[in-house]
Number of protein chains: 2
Amino acid sequence: MTVWDRPEPPTRPVPLDRERIVAAAIALADEGGLEDVSLRKVAARLKAGPMRLYGYIATKEELFDLMVDEVQAEILPETQPGDWRETLRVLAHRTRQAVLRHEWLADLLGGRPTLGPNGLAVTEARLAALDGLADVDTVMRAAETVSAYTTGAIRREVANLRAERATGLSKSDWQRANGPHVTRMLATGRFPALEKAVHDATHVDAEESFEVGLDWVLDAVAAKLARP
Amino acid sequence: MTVWDRPEPPTRPVPLDRERIVAAAIALADEGGLEDVSLRKVAARLKAGPMRLYGYIATKEELFDLMVDEVQAEILPETQPGDWRETLRVLAHRTRQAVLRHEWLADLLGGRPTLGPNGLAVTEARLAALDGLADVDTVMRAAETVSAYTTGAIRREVANLRAERATGLSKSDWQRANGPHVTRMLATGRFPALEKAVHDATHVDAEESFEVGLDWVLDAVAAKLARP
DNA sequence: TATCGGAGCAATACAGTGTATCGACATGAG
DNA sequence: CTCATGTCGATACACTGTATTGCTCCGATA
């Protein structure tokens, strides 16, 4: 019985694990957005049948949870700076940067509690930064307030960014970017304050306005920490 | 040719308009969440074929936009209170209440720019409250910061609410509500600050923590308005 | 070593989705 | 009365998440 007579052994399936699955899903989402992530496509990237994934995840939502947690690892800074304020600021900025790298994150952020290891680690980092500076309740309120601002601001930024991309690519001109509709609405005179704001506001880039708002919120936190 | 010989005239289709379509979609979403809203089901409620809707909307996303704008009408207060701070506070609270009435709004809030008439009106109300109290840029930053906090906080609240509902119905006990997983994670000792917070924090209801965080942010705004 | 149980996997199937296409038909204009 | 027009419904397509089913191979047991 020579080699030539014996058939090749059947090709063993590519080994799989959650890490590989999540990586494939993230790659897909990075390329084409969240709606491009289908279990079939993810499986195809791994040269596997769609049903194979159900050995590792029970539902597509779970895959999303894993994706979010995976990316949250990028948020944790390698070295913790000393100041509580600096720590919170860095965490917020790194969150923003992670979302800009993975825009689909904006669709998921805040949508479910982040209970994965990295999500918990981020929460821990926020709380640790404030630990001992006030009573527990104040600390929690502070952490949650900063985090609420962060996710809210980032979401709006991405929303605007997408809208700009959708309406041609005119970036600087607000009115033109939003098409004739907004212009027409403003012309009705029913939105005088908005009209003034749109007309007179100096355009600042997104990062700076994120930063400014964040600073305000941090100021508020600082004020509350001062008086326990 | 008597009446009996003549066939009935063909039943004319039920007249349709965006208002009716949006109302049907909102009703569906209120009952079963956003994912229960399918063009087929919406159309069925109106005794129409699915394709009929495409005379009024070009895409499902547009339907969502219309839904959001419709519900935003509920946010505008009937009478404007005097104080800028009170105005912003009321707007935030009414936003929260609207989301609690229509939980699906949490999935959409902040996801796209709100360019509909009611959305613009809400923005206008926010800006109008601050109008003249500082330069335009500061006013915009203030409005956006408050709104970022609001949407972020509400989203987290709804996320937690859903998670609680999903894990049995134990509401007060954080650890039990989140199942053994979080308990086990905390037991690793890798999240000391989180552990302390979970253990020692006095449970305050969602509305109160929303209110407190909001007040902090409003304090921050007040401070910036003071010095132009 | 032969057999068997069980696990992992692929194929198939199903109910449902958003939307393009097209043919019929009622309606208003000439 | 005829004809063009535009609206509506049916059909169709490509695709989704997931349940079910049966095969096939691996390792443990007799």
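What about B:T79, is it open to solvent by less than 20 Å² (accessible area, probe 1.4 Å) and outside the structural domain of B:L39 (by TED's automatic domain parsing)?
Values: open to solvent by less than 20 Å² (accessible area, probe 1.4 Å): no; outside the structural domain of B:L39 (by TED's automatic domain parsing): yes.
Against the criterion (open to solvent by less than 20 Å² (accessible area, probe 1.4 Å) and outside the structural domain of B:L39 (by TED's automatic domain parsing)), B:T79 does not qualify.
Quick one: how many residues across segment A:99-115 are over 19 Å from B:Y149 (Cβ atoms) and crowded, with 21+ Cβ neighbours inside 10 Å?
From segment A:99-115, those over 19 Å from B:Y149 (Cβ atoms) are A:100-105, A:107-108, A:112, A:115; that's our starting set.
Next, from what is left, pick out any that are crowded, with 21+ Cβ neighbours inside 10 Å: A:104-105.
Residues that pass the stated criteria total 2.
Any chance segment B:116-128 includes a residue that's open to solvent by 50 Å² or more (accessible area, probe 1.4 Å) and free of Cβ contacts under 8 Å to residues at least 60 places away in the same chain?
As a first pass, look at segment B:116-128 and keep what is open to solvent by 50 Å² or more (accessible area, probe 1.4 Å): B:117.
Now narrow it down to the ones that are free of Cβ contacts under 8 Å to residues at least 60 places away in the same chain: B:117.
Checked segment B:116-128: at least one residue is open to solvent by 50 Å² or more (accessible area, probe 1.4 Å) and free of Cβ contacts under 8 Å to residues at least 60 places away in the same chain.
Can you tell me which residue among B:T138, B:T151 is crowded, with 24+ Cβ neighbours inside 10 Å and either β-branched (V, I, T) or assigned to a helix (DSSP H, G or I) (or both)? Working first, answer last.
Numbers: B:T138 fails: crowded, with 24+ Cβ neighbours inside 10 Å.
Sole residue among the options that is crowded, with 24+ Cβ neighbours inside 10 Å and either β-branched (V, I, T) or assigned to a helix (DSSP H, G or I) (or both): B:T151.
Quick check: is even one residue across segment A:162-174 within 22 Å of B:I154 (Cβ to Cβ) and either more than 7 Å from chain B (Cβ to nearest Cβ) or in a helix (DSSP H, G or I) (or both)? Don't jump to the end; show me each part of the working.
The initial filter retains those residues of segment A:162-174 that are within 22 Å of B:I154 (Cβ to Cβ), namely A:162-163.
This time we only want the ones that are either more than 7 Å from chain B (Cβ to nearest Cβ) or in a helix (DSSP H, G or I) (or both), so: A:162-163.
Yes, segment A:162-174 contains a residue that is within 22 Å of B:I154 (Cβ to Cβ) and either more than 7 Å from chain B (Cβ to nearest Cβ) or in a helix (DSSP H, G or I) (or both).
Tell me whether segment A:53-65 contains one or more residues that are open to solvent by 60 Å² or more (accessible area, probe 1.4 Å), basic (K, R), more than 8 Å from DNA strand D (Cβ to nearest atom) and assigned to a helix (DSSP H, G or I).
no
Condition first: in contact with a Lys or Arg (Cβ under 6 Å, 6 or more places away or on another chain), modelled with pLDDT of 95 or more, away from chain B (no Cβ under 14 Å) and within 16 Å of DNA strand D (Cβ to nearest atom). Can you find one or more residues in segment A:71-82 that meet it?
no
Would it be correct to say that A:R156 is buried (at least 24 other Cβ atoms within 10 Å of the Cβ) and assigned to a helix (DSSP H, G or I)? Can you show your working first?
Details: buried (at least 24 other Cβ atoms within 10 Å of the Cβ): yes; assigned to a helix (DSSP H, G or I): yes.
Taking the combined requirement at face value, the residue satisfies it.
Specify the residue that is farthest from the other protein chains (Cβ to nearest Cβ); the eligible residues are those in segment B:106-121 that are among the aliphatic types (A, V, I, L, M) and not in a loop (DSSP other than H, G, I, E, B).
Our first condition is that a residue be among the aliphatic types (A, V, I, L, M); within segment B:106-121, this holds for B:106, B:108-109, B:115, B:120-121.
So of that shortlist, the ones also not in a loop (DSSP other than H, G, I, E, B) come out as B:106, B:108, B:120-121.
On the way: B:A106: 8, B:L108: 10, B:L120: 6, B:A121: 7 Å.
Restricting to residues being among the aliphatic types (A, V, I, L, M) and not in a loop (DSSP other than H, G, I, E, B), the top hit is B:L108.
Could you figure out which of (1) at pLDDT below 95; (2) open to solvent by 30 Å² or more (accessible area, probe 1.4 Å); (3) more than 10 Å from chain B (Cβ to nearest Cβ) isn't true of A:G132?
It fails just one condition, (3).
Residue under question is B:A44, and the condition is that it be farther than 30 Å from B:R162 by Cβ, of a type in the set (A, V, I, L, M, F, W, C), within 12 Å of DNA strand C (Cβ to nearest atom) and surrounded by fewer than 19 Cβ atoms within 10 Å (Cβ to Cβ); does it hold? Don't jump to the end; show me each part of the working.
Numbers: farther than 30 Å from B:R162 by Cβ: no; of a type in the set (A, V, I, L, M, F, W, C): yes; within 12 Å of DNA strand C (Cβ to nearest atom): yes; surrounded by fewer than 19 Cβ atoms within 10 Å (Cβ to Cβ): yes.
Spelling it out, it is not the case that B:A44 is farther than 30 Å from B:R162 by Cβ, of a type in the set (A, V, I, L, M, F, W, C), within 12 Å of DNA strand C (Cβ to nearest atom) and surrounded by fewer than 19 Cβ atoms within 10 Å (Cβ to Cβ).
Considering only segment B:119-127, I want to know if a residue exists there that is closer than 24 Å to B:D36 by Cβ, not aliphatic (A, V, I, L, M) and not assigned by TED's automatic domain parsing to the domain that holds B:D30.
Kept after step one, since they are closer than 24 Å to B:D36 by Cβ, are these residues of segment B:119-127: B:119.
Adding the requirement that they be not aliphatic (A, V, I, L, M) leaves B:119.
In the following step, the residues that additionally are not assigned by TED's automatic domain parsing to the domain that holds B:D30 were identified as B:119.
Within segment B:119-127, one or more residues are closer than 24 Å to B:D36 by Cβ, not aliphatic (A, V, I, L, M) and not assigned by TED's automatic domain parsing to the domain that holds B:D30.
Of everything in segment A:52-93, what is under 21 Å from A:A148 (Cα atoms) and over 21 Å from the mean Cα position of the chain (by Cα)? Give them in sequence order. Please lay out each step first, then the result.
In the first step, residues of segment A:52-93 are kept if they are under 21 Å from A:A148 (Cα atoms); the result is A:64-65, A:67-77, A:83-93.
A:D83, A:W84, A:R85, listed by residue number.
Report yes if B:R94 is more than 9 Å from every other protein chain (Cβ to nearest Cβ) and free of Cβ contacts under 8 Å to residues at least 60 places away in the same chain, otherwise no. Even if it seems obvious, please write down each step before you answer.
On the way: more than 9 Å from every other protein chain (Cβ to nearest Cβ): yes; free of Cβ contacts under 8 Å to residues at least 60 places away in the same chain: yes.
When the stated conditions are applied, B:R94 passes them.
Can you pull out the residues in segment B:176-228 that are in a helix (DSSP H, G or I), open to solvent by less than 20 Å² (accessible area, probe 1.4 Å), free of Cβ contacts under 8 Å to residues at least 24 places away in the same chain and at the interface with chain A (Cβ under 7 Å from one of its Cβ atoms)?
Hits for segment B:176-228 are B:V182, B:A193, B:L194, B:A197.
Taking A:L63 as the residue in question, decide whether it is within 23 Å of A:D107 (Cα to Cα) and in contact with an Asp or Glu (Cβ under 8 Å, 6 or more places away or on another chain).
It is false that A:L63 is within 23 Å of A:D107 (Cα to Cα) and in contact with an Asp or Glu (Cβ under 8 Å, 6 or more places away or on another chain).
Could you list, in sequence order, all residues of segment A:20-52 that are among the acidic types (D, E), near DNA strand D (Cβ under 10 Å from one of its atoms) and more than 14 Å from chain B (Cβ to nearest Cβ)? Spell out the reasoning first.
Residues of segment A:20-52 that are among the acidic types (D, E), as a first pass: A:30-31, A:35-36.
Remaining after also requiring near DNA strand D (Cβ under 10 Å from one of its atoms): A:35-36.
Selection gives A:D36 alone.
The values are calculated or read from the model by the stated rules, or taken from the named source; none is laboratory data. The structure presented is a predicted model; accordingly, all values stated were derived computationally and were not measured. Counting neighbours? That spans all protein chains shown, and the Cβs are built from the backbone with ideal geometry, glycine included. The accessibility values were calculated without ligands, DNA or RNA, using every heavy atom of the protein model including side chains. Shrake-Rupley method; radii C 1.70, N 1.55, O 1.52, S 1.80 Å.
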